[in-house]
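Structure record follows, encoded as structure tokens.
Every number in this text was worked out from the coordinates using simple rules, so none of it is lab data. Here the structure is a predicted model, which means the values were calculated and not measured. Don't worry about glycine lacking a Cβ; one is built from the backbone with ideal geometry, like all the others, and counts go over all protein chains shown.
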Amino acid sequence: MIPVAKLVIKESIRKKIYHFLIIFSLLILFVLYSYSPFGVKQQTKTALDFSLSILPLLGLFVTLFTCTTLIMDDIKSKKIYLILSKPISRFSYLCGKLLGAYLSIFLVYFIMGIIIFCFVYFSGMRQFFSLTKIFWAIFFSFFEMMLMANVIVCLAFFLPQGTAISLSIFSYLFFHIKSNFLKYALLSNPNSVKTFIWKIFYYIIPDFEYFNLRDQAVHNFVLKNSQIYMPLLYGTATLFLFLTIAAIFLYRKEL
Amino acid sequence: MCTLIRITDFYKSYLNKFTKTKRIAVENLSLEIEKGQIYGLIGPNGSGKTTTIKAILGFIKPSSGQIEILGKSPLDSKKNRRIGFLPEESYYHDFLTIKEQLEFYGALYNFPTKKALDIKIAEVIELTGIKQYINTFISELSRGNLQRLGIAQSIMNDPELLIYDEPASGIDPVGRFEIRKILTDLSREGKTIFMSSHFLPEVEKLCTHIGIILNGKLLYSGKLSDLNTEGKDLEEKFMNLMRSDSK
């Protein structure tokens, strides 16, 4: 499992588009921070809000870039033959691939996280922000991307690459706004069949709003322990659910 | 004798989801590969050779029939510790050098130490004649050297059974000669080789046993010498079998 994960990281690092993404995002942050004079609380807040908003977008790009071809590329190019003819099970191979993808995404979050921390720390407005809350906001954004990685791998098994990318972006947005759909359905007609279907969907489809702690970080709102442990538990369960689905797809796949 | 591969009534068909038609890839194929044999499965393109190899390695599941390899199911990944596989085409990670690629495959075999892995890599690149290209990126290698890399990765674990899919495919005569020499040496070391090929002179020079497959059906399986009793060469015999089957 570990050699496969290492190979994914090596591939990510050696692909130039990955460098381009990191440089591009650093450039955005640099431009943003140059226009936010230090010492002004509101502008520091705006810059932090923007950074934490752009982070998932960058994360999503890297996740899409890494994960849509993560396994299907090996299958199409038949590289998988030489891997699975070694003493490694399909499940270990899948776990290795996903672990490598998580670490590649983590690398981006790590670099961006350090920049955001440094910005807040040296802004002169540190007393108005909690570094712990900023850490949890960044961490859960990363956690969201781990979940997305599993979702994308599942979708890529049976969809062409372009469709898988489009559907992944749609899924990401939908996972964030799905609770609003349910609220709307409940308001319009609480006892209809449509509302019942929405309720089923509500419990099946992941809710990414659980992982959104941006407001707590930017506006320094209260962060309860349950707002950390519950999403961690919920996210881990969802992560394993999608891992199981991906494993079933891979075991059934004729290579 | 010890049977390393046992295939009983292997049948594989594919269903076209659009036309709803069934295509039979392999039909009731049965064969046994004993220890020490060099078995060549020969047949034209699309006859079912690669499908059989894929099923032996557990990449595809039989529609019906039984396959046993080294006494285990093809889906058991532990059996791969004792197997070396060379696919028809070179399916490598072209962003790696030969050394990095072999280190990756070696890591999958879980060598006890890095030093043991390095020694093994030095040994296999020496044997296959790619020592001077050790730090060359795979994307820069010729077809012949890719095939040598393929053989190098297949013997890293010192396997007792080698499964080669068209080892001489796309190689020039010099490369074919060298690969034949490597395979002969490996056989002398006591390794069992199961290979597919449509290059008959190669099979004739190398194999002790052959199987002839056409349209998914095994027409002959046995000693090469038993087939070749009337003074005809393998190519002629092969053509006769094909003609008689098509009648």
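Taking 8 Å as the Cα distance limit and 6 or more residues as the minimum spacing, I'd like the relative contact order of region A:147-226 as a percentage. Relative contact order for region A:147-226 comes out at 24 percent.
Charge tally for A:Ala247 (other residues, Cβ to Cβ under 11 Å; Lys, Arg +1; Asp, Glu -1): +3.
For a Förster distance of 51 Å, can you work out the FRET efficiency between the beta-carbons of A:Ile169 and B:Thr21, rounded to the nearest 0.05? The formula returns an efficiency of 0.90 here. When only alpha carbons of region A:2-252 are considered, Rg and Dmax amount to 19.8, 60 Å.
Take the Cα of A:Val193, step 7 Å toward its Cβ, do the same at B:Glu189, and the gap between the two points is 6.8 nm.
For chain A, with a Gaussian network of springs between Cα atoms less than 10 Å apart, report the residue from A:Pro160, A:Pro190, A:Pro206 with the top mean-square fluctuation. Among A:Pro160, A:Pro190, A:Pro206, the largest GNM mean-square fluctuation belongs to A:Pro190. Highest GNM mean-square fluctuation among A:Lys45, A:Lys183, A:Lys86, for chain A modelled with Cα contacts below 10 Å: A:Lys86. Under the convention that each Lys and Arg Cβ holds +1 and each Asp and Glu Cβ holds -1, the size of the dipole of the protein assembly as shown around its Cα centre is about 1240 debye. How much of the calculated P(r) for chain B lies past 34 Å, in percent of all Cα pairs? Percentage above 34 Å: 18. Go ahead and run the numbers for FRET between A:Leu57 and A:His219, Cβ-Cβ distance against an R0 of 30 Å, rounding to 0.05. The calculated FRET efficiency here is 0.90.
According to the Kirkwood relation over distinct C-alpha pairs, the hydrodynamic radius of the protein assembly as shown is 26.1 Å. Under the simplified labelling scheme, the B:Thr208-A:Met230 pair shows an inter-label distance of 7.0 nm, with each label point 7 Å from Cα along Cα→Cβ. Summing Lys and Arg as +1 and Asp and Glu as -1 over all other residues whose Cβ lies under 13 Å from the Cβ of B:Asn157 gives a net charge of +4. Length gained on full extension, B:Glu89 to B:Ser244, computed as 0.36 nm times the residue gap minus the Cα-Cα distance: 52.6 nm.
For chain A, a crude dipole built from +1 on the beta carbon of Lys and Arg and -1 on the beta carbon of Asp and Glu, taken about the Cα centre, is about 380 debye to the nearest 20. Our coupling estimate for region A:167-180, obtained by passing each phi through the Karplus curve with A = 6.51, B = -1.76, C = 1.60 and θ = phi - 60°, is 5, 5, 5, 4, 4, 4, 5, 5, 4, 7, 10, 4, 5, 5 Hz, Gly and Pro reported as x.
Residue separation of B:Arg6 and B:Lys35 scaled by 0.36 nm, minus their Cα-Cα distance, works out to 9.3 nm of gained length. So if R0 is 45 Å, what FRET efficiency would A:Glu254 and A:Ile28 give, r being the distance between their Cβ atoms, rounded to the nearest 0.05? The pair A:Glu254/A:Ile28 has a calculated efficiency of 0.55. For the residue pairs A:Lys97/B:Lys61; B:Lys49/B:Lys223; B:Lys22/B:Lys61; B:Lys49/B:Lys99; A:Lys79/B:Lys114, alpha carbon separations beyond 21 Å are given by A:Lys97/B:Lys61; B:Lys49/B:Lys99; A:Lys79/B:Lys114. In region A:1-117 the Cα-Cα distances spread across 10 Å bins starting at 0 as 13, 38, 24, 15, 7, 2, 0 percent of all pairs. For B:Phe85, enumerate residues with amide H under 5 Å from its amide H, sequence gap 5+ or separate chain, H modeled in the peptide plane. Those lying under 5 Å, H to H, from B:Phe85 are B:Ile163.
In order along region B:115-131, the phi-based Karplus estimate (6.51 cos²θ - 1.76 cosθ + 1.60, θ = phi - 60°) of 3J(HN,Hα) comes to 5, 4, 5, 4, 4, 5, 4, 4, 5, 6, 6, 5, 4, 8, x, 10, 4 Hz; Gly and Pro are listed as x. Dipole orientation for the protein assembly as shown: of the candidates A:Phe181, A:Trp136, A:Leu64, A:Phe181 has the Cα lying most toward the positive pole (charges on Cβ; Lys, Arg +1; Asp, Glu -1).
Over the protein assembly as shown, dividing the summed -39,500 (n - 2.57) contributions of all DSSP H runs of at least 4 residues by the number of residues returns a 222 nm mean residue ellipticity of -19000 deg cm²/dmol. With Rh defined as the Kirkwood radius, the inverse of the mean 1/r over Cα pairs, the Rg/Rh of region A:153-255 is 1.04. Under 5 Å from the amide H of B:Ile38 lie the amide H atoms of B:Ile193, B:Thr208, B:His209, each residue being 5 or more positions distant or on a separate chain, with H modelled from the backbone and absent for Pro and chain starts.
Here the relative contact order of region A:2-252, from alpha carbon pairs under 8 Å that lie six or more residues apart, stands at 27 percent.
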